[in-house]
Amino acid sequence: MKIWEKKTNFSLNKEIENFTSSKDSKIDLLLAPHDVIGTIAHIIMLKSIGLLNQKDLKILIQELRNIYVNEILNKKFKIDEGIEDIHSQIEFLLTNRLGNVGKKIHSGRSRNDQILVDLKLFVRTEIKEIVYMTYSFFDLLLKLSEQHKNILIPGYTHYQIAMPSSFGLWFAAYAESLIDDLLLMRTAYRIVNKNPLGSAAGYGSSLPLNRKMTTYLLGFENLNYNVVYAQMGRGKMERIVSESLASMARTLSKMAQDICLYLSQNFNFISFPDHLTTGSSIMPHKKNPDVFEIIRAKCNRITSLPNEISLISSNLCSGYHRDFQIIKERFIPIFEEMKKCFYIFKYMLNHIIVKKDILKDDKYKYLFSVEVVNQLVIEKGYSFREAYQKVGLDIQNGCFKPFTKSCYSHEGSIGNLCNTQIRNLMQDIIKEFDFDKINEVIKRLIYSKIHFKESSNNPIFV
């Protein structure tokens with residue numbers, strides 16, 4: 001039976017079941033460890049308010065930990081044919097193995113707040129992994145910036161040769177971009193890190209639930225206090241998180257586009273070993289940046305997700321709607337996509353070959369025109385506008401004399417990258433995430449002994 005069925009002789013039409021739930025079980029496997037964690041926290045709370053006795057709690061936790069450690073972590077866990085979702089599977093296993101005590105875990109819960117908790121625990125963990133991957137990628141960018149800071153390249157505006165830049169500036173620019181991406185992620189994380197458990201189907205429960213206890217047990221920063229709003233957070237939370245992922249994706253996509261340009265024969269600023277690029281089936285001279293083109297496409301697809309979620313959810317009234325299931329199908333896999341892009345991008349950059357003496361090409365002779373203008377201002381007393389006009393006429397008349405020495409010294413320029421300050425900014429943001437609480441939840445609920453003092457309903461973990 002489905003956990004929502006009332007009749008033993010009832011059978012849902014297979015066409016309807018396939019259409020409404022066909023992908024749920026595959027996606028829900030990713031939520032399995034989080035459903036177990038949320039259930040353990042919930043039943044500890046049920047014990048504290050007298051809805052479970054010590055014996056029932058002990059055998060339930062023992063079996064839930066068995067499912068978590070021996071089945072989920074060992075990749076043996078599956079959702080059986082005919083089981084709708086992860087919540088149903090966990091309850092089915094407990095009831096099948098332990099008897100009627102397994103049916104007690106649903107007291108005071110709805111599948112609505114169960115999936116909200118599962119999603120939030122899942123997203124917290126995924127954000128942690130992505131933040132660490134981002135920092136590792138950031139670290140490589142700054143190392144490359146320092147390593148190649150004295151190699152100049154042309155900067156472009158409107159795809160036209162503009163002013164001198166450097167590999168130091170280019171690498172560090174994307175490092176600093178990731179800082180702002182993580183600022184958005186930090187805000188998204190704080191929105192995620194609120195406890196919806198106890199909101200049930202969106203209107204609370206007449207049982208005397210202790211929502212502050214489950215907030216502590218699950219390591220949430222705070223509660224979603226209003227039970228109606230807790231359910232309204234479904235769809236909103238996914239859109240906000242996907243916005244922060246989209247921001248990261250835009251950073252990677254833009255850098256991938258730069259690399260595609262810089263690798264071309266017309267630019268020829270960089271190269272990669274032959275075994276990391278592909279060729280043409282007809283043109284033997286080709287060396288294609290396929291990895292970066294695929295990163296660009298995947299990241300651009302990630303940037304479309306916030307809009308997709310918004311279109312699905314923007315005209316829904318308060319309360320739960322099955323539309324959210326469609327969001328889940330697109331939202332959950334996006335984290336793995338993002339991590340794969342970070343991984344392969346970093347792998348490629350570890351093998352990047354930076355070309356030297358790029359500016360010796362004659363087409364870059366006007367690159368330092370602004371330096372000549374500034375030289376006239378400093379050394380000859382010209383106003384900027386007079387110097388600009390003189391240099392412009394010299395270029396038109398063919399008598400411009402290039403000045404090829406870079407004299408930049410202000411903060412964030414070629415001669416003063418401020419990479420130390422950029423690194424400090426990133427480290428400050430990383431500290432704000434406080435991921436230690438996530439690790440503490442696993443230690444507390446999966447690996448610690450749990451006791452209740454006779455004089456207190458609060459659990460003690462040893």
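The values are calculated or read from the model by the stated rules, or taken from the named source; none is laboratory data. Keep in mind that what you see is a predicted model, and the values were worked out from it rather than measured. Every residue, glycine as well, gets a Cβ built from its backbone with ideal geometry; the counts of neighbours run over all protein chains shown. We work out accessible area using only protein heavy atoms, side chains counted, and drop any ligands, DNA or RNA first. Shrake-Rupley method; radii C 1.70, N 1.55, O 1.52, S 1.80 Å.
Couple of notes before you dig in:
- Inter-label distance, nm, simple model (7 Å from Cα along the C-beta direction), ASP180/ARG65: 4.8 nm
- Applying both filters, DSSP loop and at most 13 other Cβ atoms within 10 Å, to the trypsin sites (Lys or Arg not before Pro) of segment 322-368 gives ARG322, LYS356.
- Solvent-accessible area of THR95, all protein chains in place: 40 Å² (probe radius 1.4 Å, heavy atoms, ligands and nucleic acids excluded).
- Computed from the C-beta positions of ASN53 and ALA201 and an R0 of 41 Å, the FRET efficiency is 0.95 to the nearest 0.05.
- Size of charge dipole - the chain - debye, nearest 20, with Cβ of Lys, Arg +1 and Asp, Glu -1, no other charges: 720 debye
- Gyration tensor verdict on segment 190-344 (Cα atoms; rounded if a/c is under 1.5, prolate if a/b is larger than b/c, oblate otherwise): prolate
- For ILE309, net neighbour charge (Lys/Arg +1, Asp/Glu -1) across residues whose Cβ lies under 14 Å away: +1
- About the Cα centre, charge dipole magnitude for segment 145-285 (Lys/Arg +1, Asp/Glu -1 at Cβ), debye: 720 debye
- Normalised by the number of residues in the chain, the average gap of Cα pairs under 8 Å and 6 or more apart makes the relative contact order 17 percent.
- Accessible-area value, GLU146, 1.4 Å probe, nucleic acids and ligands omitted, Å²: 80 Å²
- Per-residue ellipticity at 222 nm, computed for the chain from helices alone with -39500 (n - 2.57) per DSSP H run of at least four residues, works out to -18000 deg cm²/dmol.
- Of the listed residues ILE61, ILE430, ILE326, the order by accessible area with a 1.4 Å probe, largest first, is ILE326, ILE430, ILE61.
- Between 0 and 90 degrees, the angle of helix 111-147 with respect to the longest Cα principal axis of the chain falls at about 20 degrees.
- Placing unit charges on each Cβ (+1 for Lys and Arg, -1 for Asp and Glu) gives the chain a dipole about its Cα centre, and among SER304, MET255, VAL117 the Cα reaching farthest toward its positive end belongs to VAL117.
- Leading residue at positive end of dipole, the chain (Cβ point charges), from TYR347, LEU376, THR39: THR39
- Check: segment 71-184 dipole with +1 on Lys, Arg Cβ and -1 on Asp, Glu Cβ, in debye: 400 debye
- Projected label distance in nm at LYS346 and PHE461, using a 7 Å step from Cα toward the beta-carbon: 2.8 nm
- Summing Lys and Arg as +1 and Asp and Glu as -1 over all other residues whose Cβ lies under 12 Å from the Cβ of TYR447 gives a net charge of +3.
- Global form of segment 60-118, assessed from the alpha-carbon gyration tensor, a/c cut-off 1.5: rounded
- Nearest-0.05 FRET efficiency for ARG250 and SER409, computed from C-beta distance (R0 30 Å): 0.45
- Antiparallel bridge percentage (DSSP; both residues within the chain; nearest 5): 85 percent
- Amide H within-cut-off set for ILE153, under 5 Å, with H built and near neighbours excluded: SER165, SER166, PHE167
- Helix 334-349 and the longest principal axis of the Cα set of the chain meet at an angle near 30°.
- Simple spin-label estimate for ASP357 and SER448 in nanometres, 7 Å along Cα-Cβ: 6.5 nm
- Largest-first ordering by accessible area, 1.4 Å probe, given options LEU261, LEU349: LEU261, LEU349
- Relative to the current alpha-carbon distance between LYS75 and CYS399, full extension at 0.36 nm per residue lengthens the span by 109.4 nm.
- Net lengthening on full extension, ARG322/GLN389 (0.36 nm per residue, minus Cα-Cα): 17.5 nm
- Dipole of the chain, positive end: most advanced residue of MET185, GLY108, HIS451 [Cβ charges, Cα centre]: HIS451
- Helix 290-303 and the long axis of the chain differ in direction by around 60°, with both axes built from C-alpha atoms.
- For segment 174-218, the residues whose backbone nitrogen is under 16 Å from a point 7 Å from the Cα of GLU432, taken along Cα to Cβ, are 176-193.
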